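Written below as structure tokens is the structure these notes are about.
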């Protein structure tokens, strides 16, 4: 966590019977790094990462953080993490005036292809992979944030994936 803390300030108020210390952390988070985003929310909300990891379905926090480091989560897993953290999540692709929100990466990509009048075969050629490899990856549904940004860029759009915490995008 300390790697996310950019600065820390203390404000001490001495009283006769009590001393009140207010600690303020300024966190700096890479928005494309889901691990940092999750760790920041855990810090902000004073949550127990061990409990979050158990509820997510991993046996310990190290495995959970390991999964977060890869950044490869299905949309359903990201939504589950948001629920466990007690925050909202936005996962969408914007192509022109079209806003695509889908249950899976596959559905999102298929909708983007439909908007662009492309087939999966055409898309796979354009991004330099085989149709079979792209189809397998879409079936698995585990894409990193950067992979989704590149796909959205390819369609001439933008990919948005963020948590909403106290009205702020993280």
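Does residue 46 meet the test of being modelled with pLDDT of 90 or more, within 21 Å of residue 168 (Cβ to Cβ) and not in a helix (DSSP H, G or I)? Yes: the conditions hold for residue 46. Residues that are over 16 Å from residue 34 (Cα atoms) and not in a loop (DSSP other than H, G, I, E, B) within region 148-168 comprise 150, 151, 152, 153, 154, 158, listed in sequence order.
Every listed requirement among (1) within 24 Å of the chain's Cα centre (by Cα); (2) modelled with pLDDT under 85 is met by residue 40 save one, (2).
This table checks each residue for (1) in a helix (DSSP H, G or I); (2) at pLDDT 90 or above; (3) in contact with a helix residue (DSSP H, G or I) (Cβ under 9 Å, 6 or more places away or on another chain).
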| site | (1), (2), (3) |
| --- | --- |
| 36 | yes, yes, yes |
| 67 | yes, no, yes |
| 79 | yes, yes, no |
| 113 | yes, yes, yes |
| 118 | no, yes, yes |
| 125 | yes, yes, yes |
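Only a single item in (1) more than 19 Å from residue 142 (Cα to Cα); (2) out of contact with any helix residue (DSSP H, G or I) (no Cβ under 8 Å at 6 or more places or on another chain) is not met by residue 84, and it is number (2).
Scanning region 121-170 for residues that are crowded, with 17+ Cβ neighbours inside 10 Å and farther than 22 Å from residue 70 by Cα gives 123, 124, 155, 157, 165. The set of residues in region 38-58 being in contact with a helix residue (DSSP H, G or I) (Cβ under 8 Å, 6 or more places away or on another chain) and farther than 25 Å from residue 8 by Cβ consists of 53, 55, 56, 58.
The values are calculated or read from the model by the stated rules, or taken from the named source; none is laboratory data. Computed from a prediction, not measured in an experiment: that's the story for all the values here. Methodologically, a virtual Cβ is constructed for each residue, glycine included, from the backbone with ideal geometry; neighbour enumeration extends over all protein chains shown.
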